[in-house]
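The values are calculated or read from the model by the stated rules, or taken from the named source; none is laboratory data. Computed from a prediction, not measured in an experiment: that's the story for all the values here. Ideal geometry is used to build each Cβ from the backbone, glycine not excepted, and the neighbour counts take in all protein chains shown. Side chains included, ligands, DNA and RNA excluded: accessible areas come from the protein's heavy atoms. Shrake-Rupley method; radii C 1.70, N 1.55, O 1.52, S 1.80 Å.
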Amino acid sequence: MRDTEKAFHWILDIIERYKIAYKISGGFAGRVHGVDRALADIDIEMADDDISKIVNDVKSHIIFGPARYKDENWDLELMTLKYEGQEIDIAGVESKIFNKKTGEWESCSDLKNFEIKEVFGRQVPIDTIDSLISYKSKLAREVDLEDI
């Protein structure tokens, strides 16, 4: 059984212990802003170089990376964890997405576009609605269009 709240606190405790700047993005941020669909994973963005700072603390839960990940949608530094049945994607902000509208790869992330929201009793930086809509519009996957 998946325990999203426990996984959320576990990973943020580690990230905050190292004083790493981060923000919550993806479908989890969408849910915080009111999207009503099943959660796949917890997406957390940080500087690419900061990912290596937490590897020793999470190594027994790593299911991918940290490594460069590239598919038809994404080109980014990524580490995927599984804790209490919940997947957590730690992505570097020096990333690119494939914009289906233009047919071009473009930079998509930074740590500046966020707002502080309460999640599970904790004040955390969450990607803004405008930022989410922008990148989800560019990706234009079925799940992204549903979120918009």
Check your understanding: How big is D for the range 60-144, in µm² s⁻¹ as a whole number, if Stokes-Einstein is applied with the Kirkwood radius of its Cα pairs at 25 °C and 0.890 mPa s?
Key -> 171 µm²/s
Revision key, fill the gap. The percentage of the accessible area of the chain (probe 1.4 Å, all protein chains present) made up of carbon and sulfur atoms, to the nearest whole number, is 47 percent
Practice item. Can you tell me which of 98-111, 79-92, 131-144, 40-53 comes out highest on packing, and rank the rest after it, using the mean Cβ neighbours within 10 Å? Key: 79-92, 40-53, 131-144, 98-111
Practice item. May I ask which of LYS96/LYS136; LYS53/LYS82; LYS6/LYS112; LYS101/LYS136 have a Cα-Cα span longer than 22 Å here? Key: LYS6/LYS112
Revision key, fill the gap. Given a 1.4 Å probe, the accessible area of the chain per residue, as a whole number of Å², is 52 Å²
Review point. When the helix-only estimate is applied to the chain (DSSP H runs of n ≥ 4, each -39,500 (n - 2.57), divided by the residue count), what is the mean residue ellipticity at 222 nm, nearest 500 deg cm²/dmol?
Key: -8000 deg cm²/dmol
Review point. Which ³J(HN,Hα) values in Hz, rounded to whole numbers, follow from the phi angles of the range 71-88 under the Karplus curve 6.51 cos²θ - 1.76 cosθ + 1.60, where θ = phi - 60° and Gly and Pro get x?
Key: 9, 6, 10, 10, 9, 7, 7, 9, 9, 10, 10, 9, 9, 6, x, 9, 6, 10
Exercise for review: Could you point to the residue in SER131, TRP10, THR102 farthest towards the positive end of the chain's charge dipole, with +1 and -1 charges on the Cβ of Lys/Arg and Asp/Glu respectively?
Suggested key: TRP10
Point to revise | Label-point separation, GLU115 to ARG141 (7 Å along Cα→Cβ), nm | key: 2.5 nm
Exercise for review: Mind listing the long-range amide H neighbours of ILE126? Cut-off is under 5 Å, sequence gap 5 or more, other chains count too, H placed in the peptide plane at 1.01 Å from N.
Suggested key: ILE24, GLU115, ILE116, LYS117
Practice item. Could I have the simple spin-label model distance between GLU106 and LYS6, label points 7 Å from Cα toward Cβ, reported in nm to one decimal? Key: 4.2 nm
**Study point:** Dimensionless Rg over Rh [the chain; C-alpha; Kirkwood]
**Key:** 0.93
Practice item. Assign unit charges at the C-beta atoms only (+1 for Lys and Arg, -1 for Asp and Glu), then state the dipole size of the chain relative to its Cα centre in Debye, rounded to the nearest 20. Key: 120 debye
Review point. According to a simple spin-label model (label point 7 Å from Cα along Cα-to-Cβ), what is the distance in nm between ARG68 and ALA38?
Key: 3.4 nm
Check your understanding: Taking H as built 1.01 Å from N, whose amide H comes closer than 5 Å to the amide H of VAL93, not counting residues under 5 places away?
Key -> MET46, ALA47, ASP48
